[in-house]
There are 2 protein chains.
Amino acid sequence: MRSAICERLGVEFPLFAFSHCRDVVAAVTNAGGFGVLGAVAYSAEQLDTELSWIDAQVGGRPYGVDVLVPGRTEGPRATVPESHLSFTTGLLQRYGVPFAASPAGFGDRVSARGATELIEVALRHPVGLIASALGPPPPQMVSMAREAGVPVAALVGTVEHARRQVEAGADIVVAQGTEAGGHTGEIATMVLVPQVVDAVAPVPVLAAGGIASGRQMAAAMALGAEGVWCGSVWLTTEEAETPQSVKRKMLAASSLDTVRSRSRTGKPARQLASAWTAAWDSGEDSPGPLGMPLQMVLAESAMARVVQAAERGEPGAVELANYFVGQVVGQLDQVKPARQVVYEMIEEFGDAIERLSRLTG
Amino acid sequence: MRSAICERLGVEFPLFAFSHCRDVVAAVTNAGGFGVLGAVAYSAEQLDTELSWIDAQVGGRPYGVDVLVPGRTEGPRATVPESHLSFTTGLLQRYGVPFAASPAGFGDRVSARGATELIEVALRHPVGLIASALGPPPPQMVSMAREAGVPVAALVGTVEHARRQVEAGADIVVAQGTEAGGHTGEIATMVLVPQVVDAVAPVPVLAAGGIASGRQMAAAMALGAEGVWCGSVWLTTEEAETPQSVKRKMLAASSLDTVRSRSRTGKPARQLASAWTAAWDSGEDSPGPLGMPLQMVLAESAMARVVQAAERGEPGAVELANYFVGQVVGQLDQVKPARQVVYEMIEEFGDAIERLSRLTG
């Protein structure tokens, strides 16, 4: 495809694949898209290992790294209150999952310091993009990336945030609608994208949220986006490391089966509705979710245990298990190789544009 | 434009304009679109007058009528409880609007009986479409329209409802995303439309929700819709009878200033966030909204008074005043003739498709 962003990033097709799984990143990049590794779950050493593996797979084709840089947090010294520990322990017990909360180690990387360390590691590899998932990119991140000649992308959910991100130095804006999985705002992709495109022009905009097919990609680009940023669609691919119990729930889910909940990270994030989200969001005894990163520290340690039990087929754990995913989960009903997903999107994208062109003669 | 639905309905451009204002309906039809008069606010006699006026304006060009047929209601004999009357009176008093609740007369037309009467009136005019805004069209409505050779359109917010509407006899499905104004579901247009298109093919689908520009129209048709159904964009046109105080709020609003609330009709409906929605949805003393039609009976009588006071510039009333509108309200910042809105959408639609065609060479 001939577009400014394709030329700038050296990509054949402006389809950006966000994934925590290196295999997905490499497969999409090798199929002509642009894989972006979500690095929040990794230590600096692990990230280095993952990126070296990707380097060996993609033969110089472009890929990127996404770090979670929270705008404000409660600080690393805050601890999870007893009320929230006991609610979590009690909740897991009711569903037959033994658990003694001992949160540690995870919160550190969701901080400006942790993010900077990950960016340093990333820039030692031939990455083509650094993305910031939450809040404006910190000045240090921008200057490090600039010095290395790597463009910075930033995710936004409002026009106001888009303007702020560009002022802070973002080279590419990812406008993410409420239908997206993970941290997301309230405005739908259909409404958000054209407003962001107009507000930040000539800065290129990628559309995110509600995009898992070629028709949806064509729609996003009709709105003025120069490409699309997809996350959910990779979660049910062959390569994805999504736990089987969660993958099965995703394949069976309809688009009504997600909820925007603070129960996993402390900030509103769209995910599969499950007994976990129901208990935190509307349970009578719920203490209400904590802020970020404390709720994330607590939830990640609990959900790690839940998923272990769900993978053994324990029914209570299966009811609790969930993961971040967008409303497109209702379209995902088959496990496919990531490469096939890319090829099908490219083909359907072309068909959609041809159909539109015929309408106008 | 050459498309099946344009030929079937005798329209130049598949842009459907839902409005309670006859001037908007006539202006859009005369500009090459398809005006649809929202008839719920009218008595049978008033509707007859409005349609005769439209007939005289449009010279045989196509237009339609939309009636609100609720699936289930609390029945016409239920009355508004004292707790809700006193909450409403107290709320308006706090904002300086004298009010003594005496709901009567409105609820009748939001019933299958009332809707049938309106359909009878409509079918005495040369209407080209009958639409049903809530729930499957009742068998009588379908048979009356069929006999008159008039297609029936039905609004849906889920794939399941789309299937049920087609089984009940709908000839055209309007798939409406959560970003839409008025009664709306939870699934965004970007996700809903392709799923509905695939589920009901070959029944034609119009997209609604988040569409107020040519780019958004092109996006909706890239998703597989054969046309678009727009409501919000007409509310700030010159012709619209939107009260000036509410129009000003709409012109100033961003896309974050709407809320999906049960406070005006008893069912979730997107509208401007205001002191009214805040008091009902999260006020400490709120009794919670009633069901439909009781909440509608109560809210309409109160809001009529609120708007009168807001039009006189009373600041408390301005804080309470609102109206149904979608997230596209953030795009509406100028009063324009409806005809100009249509022409601008047609032009931008063509530009968007040309831009997409150039991408793929």
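The values are calculated or read from the model by the stated rules, or taken from the named source; none is laboratory data. Predicted model only: the values in this text are computed from it and were never measured. Neighbour counts are summed over all protein chains in view; Cβ atoms, including those assigned to glycine, are modelled from backbone coordinates with ideal geometry.
Being more than 9 Å from A:Arg22 (Cα to Cα) and touching a residue at least 12 places away in the same chain (Cβ under 8 Å) is the filter here, so list the residues in the stretch A:39-58 that pass it. Within the stretch A:39-58, A:Ala39, A:Val40, A:Ala41, A:Tyr42, A:Ser43, A:Ala44, A:Leu47, A:Asp48, A:Ser52, A:Asp55, A:Gln57, A:Val58 meet the criteria. Whether any residue in the stretch A:243-254 is within 10 Å of another protein chain (Cβ to nearest Cβ) and either more than 16 Å from the chain's Cα centre (by Cα) or of a type in the set (Gly, Ala, Ser) (or both) is what I want to check. Yes, the stretch A:243-254 contains a residue that is within 10 Å of another protein chain (Cβ to nearest Cβ) and either more than 16 Å from the chain's Cα centre (by Cα) or of a type in the set (Gly, Ala, Ser) (or both). For the stretch B:295-345: of the residues being assigned to a helix (DSSP H, G or I) and polar (S, T, N, Q), which is surrounded by the most Cβ atoms within 10 Å (Cβ to Cβ)? Here the residue is B:Gln327. The single condition among (1) within 30 Å of A:Ser301 (Cβ to Cβ); (2) buried (at least 23 other Cβ atoms within 10 Å of the Cβ); (3) free of Cβ contacts under 8 Å to residues at least 60 places away in the same chain that A:Ala273 does not satisfy is (2). Restricting attention to the stretch A:327-361, the residues that are touching an Asp or Glu at 6+ places or on another chain (Cβ under 7 Å) and more than 8 Å from every other protein chain (Cβ to nearest Cβ) total 5. Only residues that are of a type in the set (A, V, I, L, M), more than 18 Å from A:Ala188 (Cα to Cα) and within 14 Å of chain A (Cβ to nearest Cβ) were counted in the stretch B:152-174, giving 2. The residues of the stretch B:264-280 that are among the charged types (D, E, K, R) and farther than 20 Å from B:Ala253 by Cα amount to a single one, B:Lys267.
Only one entry of A:Glu239, A:Glu314, A:Glu284, A:Glu300 meets the criterion of being touching a helix residue (DSSP H, G or I) at 6+ places or on another chain (Cβ under 6 Å) and not hydrophobic (A, V, I, L, M, F, W, C), and that entry is A:Glu239. Looking only at residues of the stretch A:282-294 that are part of a loop (DSSP other than H, G, I, E, B) and hydrophobic (A, V, I, L, M, F, W, C), we find that the one that is farthest from A:Ala269 (Cα to Cα) is A:Leu290.
Apart from one condition, B:Ala168 fits all of (1) surrounded by 21 or more Cβ atoms within 10 Å (Cβ to Cβ); (2) in contact with a Pro (Cβ under 8 Å, 6 or more places away or on another chain); (3) of a type in the set (Gly, Ala, Ser); the exception is (1). Of the residues B:Gly227, B:Gly177, B:Gly210, the single one that is more than 9 Å from every other protein chain (Cβ to nearest Cβ), modelled with pLDDT of 95 or more and either crowded, with 24+ Cβ neighbours inside 10 Å or over 18 Å from the mean Cα position of the chain (by Cα) (or both) is B:Gly227.
For the stretch B:137-161, taking the residues that are within 19 Å of B:Gly231 (Cβ to Cβ) and of a type in the set (A, V, I, L, M, F, W, C), the one that is nearest to the chain's Cα centre (by Cα) is identified as B:Leu155.
Cβ-Cβ contacts under 7 Å between residues 6 or more apart (or on different chains), taken from a first residue in the stretch B:193-206 that is more than 11 Å from every other protein chain (Cβ to nearest Cβ) to a second residue that is of a type in the set (Ser, Thr, Tyr), are absent.
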